[in-house]
1. Please report, in whole Å, how far the alpha carbons of the range 1-66 spread along each principal axis, starting with the longest.
2. What is the gain in length, in nm to one decimal, between residue 56 and residue 6 on full extension, counting 0.36 nm per residue of separation less the C-alpha to C-alpha distance?
3. In nm, to one decimal, how far is the residue 73 label point from the residue 24 one, both placed 7 Å along Cα→Cβ?
4. What is the extension gain from residue 45 to residue 65, computed as 0.36 nm multiplied by their sequence separation minus the C-alpha to C-alpha distance, in nm to one decimal?
5. Cα centroids of the range 8-68 and the range 100-151: how far apart, whole angstrom?
6. Of the candidates 19, 94, 104, which one comes out as most mobile in a Gaussian network treatment of the chain with C-alpha springs shorter than 10 Å?
7. Would you report the distance distribution of C-alpha pairs in the chain as whole percents per 10 angstrom bin, up to the bin with the largest distance?
């Protein structure tokens, strides 16, 4: 990506067959998460489990045949949730294996993406919940709520999981690693 291009330098190397190749070598600042390794691994595992749960919940919500999903103010936010969910999954998959000696692009494409997309997903879920509650209160006269209430419950559950990811990711601090001679 272009925003990380200044952190890399192209160097000519010779491969095993004697051919000259250009390879990108990282020359930028290294970063670290201000968590010990055990806490980082536990946080990463929780992110994976919560995100898997979010995928199951959002897909499951689509199978509930409730009347509220026929309204644009419920269906559109629900549908739009899949875009930040996709990027949230991509960010969590890209979380590095260790909490230290990270390149700028590793931090930007993992933790920063998790923070941003979990906030966007949180907003879409909240808008969808407000739309569903407005439908139930103002427009659902005579409609049996046996399918609306499970939809609201799943939406609240997804909102809680997303809120947990966002709050947790906000508190992970990133710092530069101290420079050591001979690094890079």
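Values quoted throughout were computed directly from the atomic coordinates according to the rules given, and no laboratory measurement underlies them. Remember, it's a predicted structure, so these values are computed and weren't measured experimentally. Positions of Cβ are backbone-derived with ideal geometry, glycine not excepted, and every protein chain shown enters the neighbour counts.
1. In descending order, the Cα extents are 63, 34, 27 Å.
2. Details: separation 50, 0.36 × 50 = 18.00 nm, distance 3.97 nm.
Result for the pair: 14.0 nm of gain on full extension.
3. Here the answer is 4.6 nm between the modelled labels.
4. Values: separation 20, 0.36 × 20 = 7.20 nm, distance 3.28 nm.
Once the chain is fully extended between residue 45 and residue 65, it gains 3.9 nm.
5. Centre-to-centre distance over Cα atoms comes out at 22 Å.
6. Fluctuation is largest for 19.
7. 9, 30, 23, 18, 12, 6, 2, 0
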